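Trainee: One structure, pasted below without further comment.
The values are calculated or read from the model by the stated rules, or taken from the named source; none is laboratory data. The structure presented is a predicted model; accordingly, all values stated were derived computationally and were not measured. Here the Cβ positions follow ideal geometry from the backbone for every residue, glycine too, while neighbour counts run over all protein chains shown. SASA here: full protein model, heavy atoms, side chains in, ligands and nucleic acids out. Shrake-Rupley method; radii C 1.70, N 1.55, O 1.52, S 1.80 Å.
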Amino acid sequence: MAEDVRINARSTGLPPLRIRAARVIVTCPGRNFVTLKIETDQGVYGVGDGTLNGREKAVVAYLEDHVIPVLIGRDARRIEDIWQYLYRGAYWRRGPVTMRAIAAVDMALWDIKGKALGVPVYDLLGGPSRDGVLVYGHANGADLEETKDEVARYLDAGYKAIRAQTGVPGVAKPYGVSRDKDFYEPAEDELPVETIWSTPQYLRHAPKLFDALRVRFGDDVELLHDVHHRLTPNEAAQLGKSLEPYRLFWLEDPTPAENQEAFRLIRQHTTTPLAVGEVFNSLWDAKDLIQNQLIDYLRATVLGAGGITHMRRVADFASLWQVRTGCHGATDLSPITMATALHFDTWVPNFGIQEYMRHTEATDAVFPHAYWFEAGRLHPGDAPGHGCDIDEALAAKYPYAPKQLPVARLEDGTMWNW
Ligand code: KDG
Ligand code: MG
């Protein structure tokens, strides 16, 4: 066979770990997950998550058609060079599909490196900076009473930080309120469910929730809230101001961050801490927000933002302005992302908090993992690599089922941000 002349296919001094095969596994144990499995010629393999809620097949096609063919034969040790190849080598760079595909590769390669060396990923990154990763859980209810009871349930379970979402009078299907109180999954149907949104009702109601929570639970619990991109900058400023007496840990996604400059207006009017970025794919999406100190927490994570290789650059840049991490951790990020994020969180110096929406038992069974929860914190475990695997036989029992995220309209029918 002719010698492989691709630069990256040549070995360094260390014996190479050649990528001999890679394939995508799609499984739906209640919701869809996209997993990339990379196998090396030494028998060591790694897995990465490429799930994009409601758009799973787009990532599958990107991986199968454009990524896997260029991976075969490369040295899996060369994580940085492979990342640069997939990022710079794509003329059409960035975006949620491309960056999730890169993330899937990156997670699998860090997993392989850890397994090959017999160490957990947090050790490869520089070792632990903390004992346990502070997480926040999701309490939600149809009305104030139910939401208060749900917060009590989370406190009983040991959570120290809790996101609270409640039904809004006159608003059918508000964001963040679920039928099943233990597991929340907004992508329910093959076609997007239409929801209705009322900003005036919401702005009147939200402060009542946090007033009621502070009256009942006092000051010790950390409270968070997600606006889910629904407000204009001026409305967000009003909300931030009205929530100041309740000392939120953060107010999330008050307005879409496509225009990063818009946060200047919000910032000028409120000291309520702001968190943004679960839809961000790279440092460029967050650069102005960070360097102008317009936010306090960055919600980007290893799945959305191209894996550990890019996320650690994002975090280092953010640390210059004392912006801390607050990684996205909804159920549409598979346990592989959660595992990888926990290694990142264990290392990252400017850690803030990690979102933790528990997965169902069926999902946990498909993705056996080393991480565990205790007293409000998650621990990544010490297994080599990131410590999460996929049970392929079980995964095969749950075939792909098309599901999409909802859409939102204002009361007069105008399309709005879901
Ligand atoms: O797929 C969409 C979810 O990831 C998103 O709605 C969850 O906003 C979210 C959050 O803060 O977890
Ligand atoms: Mg959110």
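Trainee: Name every residue in region 317-345 that is more than 12 Å from PHE33 (Cβ to Cβ), touching a strand residue (DSSP E or B) at 6+ places or on another chain (Cβ under 6 Å) and away from ligand 2 (no atom under 16 Å from the Cβ), in order of residue number.
Mentor: ALA318, VAL323, ARG324, ALA339, LEU342, ASP345
Trainee: Cβ-Cβ below 7 Å, separation at least six or inter-chain, first residue in region 170-191 and within 15 Å of GLY30 (Cβ to Cβ) and of a type outside the set (Phe, Trp, Tyr), second modelled with pLDDT under 85 and within 16 Å of ligand 2 (Cβ to nearest atom): which pairs?
Mentor: Partner pairs satisfying both residue conditions: SER178/TYR184.
Trainee: Ok, one more. List every residue pair whose Cβ atoms lie under 9 Å apart, where the two residues are 6 or more positions apart in sequence or sit on different chains, the first residue falls within region 85-100 and is within 16 Å of GLY48 (Cβ to Cβ), and the second residue, located anywhere, is at pLDDT 95 or above and of a type in the set (Asp, Glu).
Mentor: Final answer for the pair search is LEU86/ASP106; ARG100/ASP49.
Trainee: Take the conditions surrounded by fewer than 21 Cβ atoms within 10 Å (Cβ to Cβ), touching a His at 6+ places or on another chain (Cβ under 9 Å) and not in a helix (DSSP H, G or I) and apply them to PRO256. Does it pass?
Mentor: yes
Trainee: Now for a separate question. Name the residues in region 346-378 that are open to solvent by 40 Å² or more (accessible area, probe 1.4 Å), more than 16 Å from ligand 1 (Cβ to nearest atom) and either on the phi < 0 side of the Ramachandran plot or modelled with pLDDT under 95 (or both), would you?
Mentor: Passing the criteria: PRO349, GLU361, ASP364, ALA365, PRO368, HIS369, TRP372, PHE373, GLU374, ARG377.
Trainee: So which residues in region 253-289 are within 16 Å of ligand 1 (Cβ to nearest atom), closer than 21 Å to VAL34 by Cα and touching a residue at least 40 places away in the same chain (Cβ under 8 Å), if there are any at all?
Mentor: Scanning region 253-289 gives GLU278, VAL279, ASN281.
Trainee: To continue, here is another question. Identify, please: which residue in region 272-289 is open to solvent by less than 30 Å² (accessible area, probe 1.4 Å) and within 17 Å of LEU223 (Cα to Cα) and is, among those, farthest from ligand 2 (Cβ to nearest atom)?
Mentor: THR272
Trainee: On to the next question. Among the residues of region 290-319, which ones are open to solvent by less than 10 Å² (accessible area, probe 1.4 Å) and away from ligand 1 (no atom under 16 Å from the Cβ)?
Mentor: ILE290, LEU294, GLY306, GLY307, ILE308, THR309, MET311, VAL314, ALA315, ALA318
Trainee: Criterion first (closer than 30 Å to PRO402 by Cβ, charged (D, E, K, R) and outside the structural domain of GLU278 (by TED's automatic domain parsing)) does LYS57 satisfy it?
Mentor: Considered against the rule, which asks whether it is closer than 30 Å to PRO402 by Cβ, charged (D, E, K, R) and outside the structural domain of GLU278 (by TED's automatic domain parsing), LYS57 comes out as yes.
Trainee: Tell me, please, whether a residue that is part of a helix (DSSP H, G or I) and either under 30 Å from ARG377 (Cα atoms) or charged (D, E, K, R) (or both) can be found in region 46-58.
Mentor: For region 46-58, residues part of a helix (DSSP H, G or I) and either under 30 Å from ARG377 (Cα atoms) or charged (D, E, K, R) (or both): present.
Trainee: Within region 224-245, is even one residue assigned by TED's automatic domain parsing to the domain that holds GLU361, under 25 Å from the mean Cα position of the chain (by Cα), within 16 Å of ligand 1 (Cβ to nearest atom) and over 23 Å from LEU333 (Cα atoms)?
Mentor: Yes: one or more hits.
Trainee: Has region 152-167 got at least one residue that is modelled with pLDDT under 95 and among the hydroxyl-bearing types (Ser, Thr, Tyr)?
Mentor: No, region 152-167 has no match at all.
Trainee: Being open to solvent by 40 Å² or more (accessible area, probe 1.4 Å) and at pLDDT below 95 narrows it down to one of ARG88, ARG55, ARG78, ARG93, so name that one.
Mentor: Being open to solvent by 40 Å² or more (accessible area, probe 1.4 Å) and at pLDDT below 95 holds for just one of ARG88, ARG55, ARG78, ARG93, which is ARG93.
Trainee: Looking at region 346-367 only, could you name the residues that are out of contact with any strand residue (DSSP E or B) (no Cβ under 8 Å at 6 or more places or on another chain) and either of a type in the set (S, T, N, Q) or within 16 Å of ligand 2 (Cβ to nearest atom) (or both)?
Mentor: Result: THR360, single match.
Trainee: Answer yes or no as to whether ALA103 is within 27 Å of VAL67 (Cα to Cα) and open to solvent by 20 Å² or more (accessible area, probe 1.4 Å).
Mentor: No.
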